[in-house]
1. Any residue that is farther than 19 Å from GLU186 by Cα and either over 13 Å from the mean Cα position of the chain (by Cα) or of a type outside the set (A, V, I, L, M) (or both) - is there at least one of those in the stretch 229-238?
2. Looking at (1) closer than 21 Å to ALA335 by Cβ; (2) surrounded by fewer than 19 Cβ atoms within 10 Å (Cβ to Cβ), can you tell me which one ASN251 breaks?
3. Output the residue which, of all residues in the stretch 324-347 that are open to solvent by 10 Å² or more (accessible area, probe 1.4 Å) and outside any loop (DSSP other than H, G, I, E, B), is nearest to ASN380 (Cα to Cα).
4. Of all residues being open to solvent by 20 Å² or more (accessible area, probe 1.4 Å) and of a type in the set (Ser, Thr, Tyr) in the stretch 352-411, which is farthest from CYS297 (Cα to Cα)? Just the residue, please.
5. Sort out which residues of the stretch 245-273 are touching a Lys or Arg at 6+ places or on another chain (Cβ under 8 Å) and in a strand (DSSP E or B), and write them in order of number.
6. Enumerate the pairs (first residue in the stretch 176-202 and closer than 12 Å to GLU161 by Cα and part of a loop (DSSP other than H, G, I, E, B); second residue anywhere and open to solvent by 60 Å² or more (accessible area, probe 1.4 Å) and among the small types (Gly, Ala, Ser)) with beta-carbon separation below 6 Å, excluding pairs fewer than 6 apart on the same chain, so at least 6 apart or on different chains.
7. Taking the stretch 189-210, which residues are within 17 Å of VAL149 (Cα to Cα), of a type in the set (A, V, I, L, M, F, W, C) and either buried (at least 20 other Cβ atoms within 10 Å of the Cβ) or touching a Gly at 6+ places or on another chain (Cβ under 6 Å) (or both)?
8. Can you name the residue in the stretch 211-230 that is hydrophobic (A, V, I, L, M, F, W, C) and either in contact with a Cys (Cβ under 9 Å, 6 or more places away or on another chain) or not in a loop (DSSP other than H, G, I, E, B) (or both) and is also surrounded by the fewest Cβ atoms within 10 Å (Cβ to Cβ) among such residues?
Amino acid sequence: MDARRSVPFAVFIYLLFTLISSAEIKPMEPILQRKNPLCDLGCKCPEQEQNFLLLDCSQRGLSKLPTSLQFDFPLSIINFQNNHITSLTMSTFSIVDGIEELDLSLNQIMKVDNFTFVPFKSLALLRLSHNYLSEITPGLLEGLSNLRVLEVGHNAIQRLEKRTFQATPSLQELRLQYNPIFELPEDIFQFLPKLERLDLQDTGLVSLPSDVFKPIPHLQWLSLSSNAFENVPEEALSKAPKLESLDLSGNDFTCLVRGNFRRLSSLSLLYLNNLPLLRRIEKDALAGLTALKSFSCSYNPNLIYLDEEAFGSENSTISREKSAPHEQLYLRQNALRTLKSPLKMESWSSLSFVDLADNPWKCDCNLRWMRQLKMETQMNIVCDSPPHLRGRPLSTVKTSELKCQDKWALTSFIITLSTMVAFGLVVLAASAVVCSRTRVGLYVRAKKQFSYAKVTPKTETVDLEWDPSADI
């Protein structure tokens, strides 16, 4: 290269380097904090080098959000939990590309305008639980076609429309617990073909439409606990053939009868706890649960009877296979005094956990089969009667001590006692007749008749022999 041509170029490079080095260079403000208006309101914004892109605005005392919020930088989670926000409008959010989770729970939200969440094209999880919402309109969920989890529990929702979930066809989990819904429209889930988990705990339900679960064939997890069902909604449940977990605790069942769960062959977890009115579980009541792994039936203060063929009988037309739990059995703190083994002994030994504690067990010959249970199980079975065994764990009671009173001796005792009572009644009746004929007896009767004769009735219909204390 010609030396004369290279000199101007070298001068140019020198001058450029001098200009750059003499200029005052200020550190660049992180792009995340420069573009996020919520950072100035006390929210914890993610640093540029963080991989977990969370904008944490929880517990910041926010009562109102700015309008036209833009999040046009890499961000996946926004948390507004536990503030004082009362409403959301269409103008609240503007650009929210890439946001997958939005948490607005534990606020005071009473109203959300329709189309508020339209900008959230990628939203997969929306939490609106623990607020004051009275309804979920179809327009509120508009634009959330990719939403997979919706949590609206612990609100004041009283009514659901048939088109409420029309805009969320990808929904897999829906939590509606602790809302005073009371009644579900039959077609409420018609737009949710992918729904797998549904929480309807404590929603005031007393019944279910027979086809309510028909549009959601993939339903696997269902909670109907703490409602007011008097009977198992078996017709509705039969439309959920893939159901794996079912919670019916805290309802008003008095008796479980044959075939209550006959079409739930995929069910592996069944919860029947805290049923205050439940007294009996009859033969074949639990038949058909061939995939059952864990059966929890505890804290039922009036449950006195569990049929030995509750899980299915040999001649059952429901299922040829006995539906015994394969892994766990919980019968804790019921009112069971006696129990004939509802399972075969080989089934008991295969269980990983058995809980029969805190029942008022009558330790007699009917419980001898329990002496074959695992030692840790026997230690938690404590005798309540007879008196000489009260308070003793079954593991410390010998099989020979588990005696039943001779039936003939008991029958003789009952006959003798009945005869004595009858004879005593005859004697008392004769004595009453004799006494009534004595001077004292006649005096008492006369005085009684006299006192009634002196009463002046206030009305013609007054009952002179009515005793006010009897109505207390």
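The values are calculated or read from the model by the stated rules, or taken from the named source; none is laboratory data. These numbers come from a predicted model, not from an experiment. Glycine also receives a Cβ, built like all others from the backbone with ideal geometry; neighbour counts cover every protein chain displayed. Note: accessible area is taken over every heavy atom of the protein model, side chains too, but ligands, DNA and RNA are not part of it. Shrake-Rupley method; radii C 1.70, N 1.55, O 1.52, S 1.80 Å.
1. Yes, the stretch 229-238 contains at least one residue that is farther than 19 Å from GLU186 by Cα and either over 13 Å from the mean Cα position of the chain (by Cα) or of a type outside the set (A, V, I, L, M) (or both).
2. (2)
3. TYR330
4. Among them, the one singled out is THR411.
5. Answer for the stretch 245-273, where residues must be touching a Lys or Arg at 6+ places or on another chain (Cβ under 8 Å) and in a strand (DSSP E or B): CYS255, LEU256, LEU269.
6. Sorted first by the residue in the stretch 176-202, then by its partner, the list stays empty.
7. If the condition is that a residue be within 17 Å of VAL149 (Cα to Cα), of a type in the set (A, V, I, L, M, F, W, C) and either buried (at least 20 other Cβ atoms within 10 Å of the Cβ) or touching a Gly at 6+ places or on another chain (Cβ under 6 Å) (or both), then PHE189, LEU192, LEU195, LEU198, LEU200 are the ones that fit.
8. TRP221
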